[in-house]
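A quick write-up on the structure given underneath.
The values are calculated or read from the model by the stated rules, or taken from the named source; none is laboratory data. Quick caveat, the model's predicted, so the values are computed rather than measured. Neighbour counts are summed over all protein chains in view; Cβ atoms, including those assigned to glycine, are modelled from backbone coordinates with ideal geometry.
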Amino acid sequence: MKKYVSLLIFLFIAIYASAADLGVTAYVNRTTVGINDNIKYTIEISGSDADKIGTPNLPKLNGFNNQGVSTSSSSSYTMVNGSFESSVTKKYQYSLRAKRVGKITIPSITIKYKKKFYKTKAINMNVIQGSNEPAPSQGKKNNSPKSSSGKLSDNMFIDIDISDRSPYQNETVDVTYTLYSKYDVTSLSFNEEPSFIGFWKEDVFTPKRMNVQRTTRNGEIFNSMKLKTYAIFPTQSGNISVDPLKVDVDIRTESRNIWSFGNTKKYSIASNKINFNVKELPAGAPTNFTNAVGRFHLNSSISETNLKVGDSFTYTLEISGRGNISNIDIATLPEINHLRFLDPETSTEINSTKVNGKKVIRYLVVAQEPGNFTIPSLSFIYFNPDKGQYITLRSDKYTLDVMEGDNIYIPGTTSQASIHLEGSDIGFIIEDREMKSFVPWFDSILYWLIIFLIFISLPITSMLMKRQTQIAGDLNYQRQKRANRVLKKYLKLASKYHKSGNPDFYSAAQSGLENYLTDKLKIARGSRKDQIITQATHLGYPDELVDRINFMFNRCNEARFMPGGFSQENIQTDFTGLRNIVADLAKTRIKGK
Amino acid sequence: MKYFLIIISLLILVSPLFAENTDMITQTLDNAITAYHNKDYDTALSSFLYLENNNIVNADLYYNIANCHFRQSQIGKAIIYYKKALKVDPAHTAANSNLKFILTLTKDKIDSDNNGAMSQFLLRIYHSFDLNKSALFTAILFLILILLLIVLQSVFQHRDKSLPVFLIFLVLILLVISTTVSYLKYQNFHSAQDAVITSQTAIGFSGPGTEYTRVFTIHEGMICYIEETNENWLLIKLPNGIGGWIESDQLEIVRIM
């Protein structure tokens, strides 16, 4: 062992202690102590509930004397995504003294809280004769490379984590480079990356910024930073060596006085070489083997099994797992009649945190004709390095039921051409011998005339109707108009009687004259003869005519009161007289209208 | 009675304009159809054209002329006459189907506007009757309107007028629609905007003259719309919206008489 050992040992600090969880760690200030030296054994409890736990009971320690405990606590408050978190760190520092020389172990300590057990790690101590206590001046400068112990390679190095040093060909090997440093690394740059000759390489992790974490390694605390993670697949068998990874780091040195923040110093660090012994794949590979090595699962799915013609569905094959996902091939689907498989869409996903992923092959399929179809089971063969044997996976078999549909499947071509007509021709000529010329009616006068007539019929009818109502309202006018009609009627009757020599001629003649005159002269029906005569004179009938009318009335009266007193000749004379009267009446215009 | 007499006398007055020498027409048609049967398309065409030059406007005649042109592989001219036939009778099924067929033979693919279902439906109705039917319909509607007004004036003078007023509005709306449709059809009938390329190829320029830059090259049978005239250069617009100047002897206008 070295003379100087690390001064502080942190086993584990839970940085992201959640509210309920506790972080419990135990560490000592030195692992190599003198028999008379005090050992500071610290139990650190962190988390929001750290306050609620009492002083842990230290079990009986073989080889150590417990000389007392001191307690300190610190709280920190952080805002994470807008929520407030408090974290309390409580330290119980026990002062121990070794009883004997040799290797003594401080056992693991268990703390129970809320039905959960938290265990610390056991610490191996090396107790030597004499004192190993560092000089006080040195003890405080533990961060400076100058004052710190010995060789740089002990305090800062690149560790390589390799999943398998003797892999099979094409097997996935994870290689992770991690920088460990006891110093404060401020910046880092890659100087040389390994070329991995003889491998097919995929970058899985590359840091985007400085991300230094505190970790313990072999009981000592380091600043660590993950540098690179590669997934490599050996492409050939045999012994292959990989060149080292080289990085340049800047380290902050201790400030000399309170006025300066200290300087940075540049160091170049290289990792070790890696030697691989790549094994060949065992003989007896199946014929369909396509160099897939790893641990895989095969899933298949289909979006629809009951379809109509023209419908489409997706058929998906998914290979997931750990291995050389990106360069594996899956057997392509065979052609199935009346099902049209469009070019598959393949996507590969590689998970960055763990080196696994999946490959998805998605077929879009169009059903072209009705019927029952079977999508056969596809096989995928890979070599499992754990078992050391070839394994065949089979996808599910699917049965499709395609029914007649409304959609007609039109075979897709790259450019759509116009429908080509064949054997089609124009229609034959029309053999109508009567070809009447088409004249737009809007161009003909007749049309507009009819429209005009229709239009003016409105004012005409309205005028006519107005007149009608006027007439209906005027009774006298009606009577005057009627008078002629009445006279005509009686005259006709009279003429008939006259022809047959009937003396009723006189009564007919009288009624006719009376009715006509009352209407014409606008006096009440059934007025006396004298009234009629007076009115006739008054309204300007000529005296001579009035006399004749008077005479006629008298004759009629005589005839009525002396039936049979009139001969055929008398009737003849009087008929002539009546006709003259009527003719004269028609000619005469009355005044006073 | 008086009005009837006037109408009849006017009819008699106007009728000689419509009357054609029917004997001559029948004779010419006979010749033309016989010639067509004998595949003597030249004779048939000249006979049909003779009738057209005698001011006969008839969809069937235009259709027959178009067929003769087609038989002589004059696609552009055939399209013009099918369009003429459809101008006279938009519902002429034979002309419609022949035009559709012949348009597949043109060199330039003419994209027909894909209107919505509603406008397609309305367009089909619009094209299902000719100008005179719409004129007749307008006249009838006008007559109904006037009759309704008369009835409103007389019978409903002292009664509830809501029913006749409603009917009048209805008829009025229909009348406005039918008048608009008639007007549009009349415009279309007399329009001289549609044209068809009759030369083998025609070049469209950006201005009226060959010194301007070329815009497009179109071929026989392309349908276009005339937007402007400048001496013997025409600004045409293609169905896809591209415009250009073309020499007037490379196209023919779809025009009746």
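A:I251 versus (1) assigned by TED's automatic domain parsing to the domain that holds A:V185; (2) at pLDDT 75 or above; (3) surrounded by fewer than 17 Cβ atoms within 10 Å (Cβ to Cβ): which is the lone unmet condition?
Only one criterion in (1) assigned by TED's automatic domain parsing to the domain that holds A:V185; (2) at pLDDT 75 or above; (3) surrounded by fewer than 17 Cβ atoms within 10 Å (Cβ to Cβ) is unmet by A:I251, namely (3).
Working only within region A:305-323, note down all residues that are outside any strand (DSSP E or B) and either surrounded by 14 or more Cβ atoms within 10 Å (Cβ to Cβ) or among the aliphatic types (A, V, I, L, M) (or both).
Residues satisfying the conditions are A:V309, A:G310, A:D311.
Could you please give the count of residues in region B:214-243 that are surrounded by fewer than 20 Cβ atoms within 10 Å (Cβ to Cβ), within 21 Å of the chain's Cα centre (by Cα) and in a strand (DSSP E or B)?
5
Just the residues that are facing chain A (nearest Cβ under 9 Å) and in contact with a helix residue (DSSP H, G or I) (Cβ under 6 Å, 6 or more places away or on another chain), please, taken from region B:66-81.
Answer for region B:66-81, where residues must be facing chain A (nearest Cβ under 9 Å) and in contact with a helix residue (DSSP H, G or I) (Cβ under 6 Å, 6 or more places away or on another chain): B:A66, B:C68, B:F70, B:R71, B:A78.
Identify all residues within region B:188-213 that are more than 29 Å from B:P90 (Cβ to Cβ) and assigned to a loop (DSSP other than H, G, I, E, B); write none if there are none.
Once the filter is applied, which keeps residues that are more than 29 Å from B:P90 (Cβ to Cβ) and assigned to a loop (DSSP other than H, G, I, E, B), region B:188-213 yields B:Q200, B:S206, B:G207, B:P208, B:G209, B:T210, B:E211, B:Y212, B:T213.
Would you point out the residue of region A:24-36, among those that are more than 16 Å from A:S72 (Cβ to Cβ) and not β-branched (V, I, T), that is modelled with the highest pLDDT?
Here the answer is A:G34.
Considering each of A:K488, A:K520, A:K466 in turn, give the residue that is exposed (fewer than 13 other Cβ atoms within 10 Å of the Cβ), of a type in the set (D, E, K, R) and either in a helix (DSSP H, G or I) or modelled with pLDDT under 80 (or both).
Selected residue: A:K466, the only one of A:K488, A:K520, A:K466 that is exposed (fewer than 13 other Cβ atoms within 10 Å of the Cβ), of a type in the set (D, E, K, R) and either in a helix (DSSP H, G or I) or modelled with pLDDT under 80 (or both).
Any idea how many residues of region B:54-79 are assigned to a helix (DSSP H, G or I) and under 17 Å from B:T26 (Cβ atoms)?
Total meeting the criteria: 3.
Residues being of a type outside the set (S, T, Y), facing chain B (nearest Cβ under 7 Å) and under 27 Å from B:A94 (Cβ atoms): count how many of those fall in region A:423-475.
Qualifying residue count for the region: 14.
Mind checking which residues of region A:294-304 are closer than 22 Å to A:M403 by Cα and assigned to a strand (DSSP E or B)?
Within region A:294-304, A:S301, A:I302 meet the criteria.
Looking at B:L122, B:L105, B:L172, B:L152, can you tell me which residue is among the aliphatic types (A, V, I, L, M) and within 10 Å of chain A (Cβ to nearest Cβ)?
Answer to the selection: B:L105.
Can you pull out every residue in region B:41-57 that is surrounded by fewer than 13 Cβ atoms within 10 Å (Cβ to Cβ) and more than 9 Å from chain A (Cβ to nearest Cβ)?
B:D42, B:N53
Under 60 Å from the mean Cα position of the chain (by Cα), under 20 Å from A:P107 (Cβ atoms), modelled with pLDDT of 75 or more and not in a loop (DSSP other than H, G, I, E, B): is that true of A:I39 in this structure?
no
Please go through region A:523-545 and give me each residue that is surrounded by 17 or more Cβ atoms within 10 Å (Cβ to Cβ) and under 22 Å from A:F575 (Cβ atoms), ordered by number.
A:K529, A:I532, A:I533, A:A536, A:Y541, A:L545
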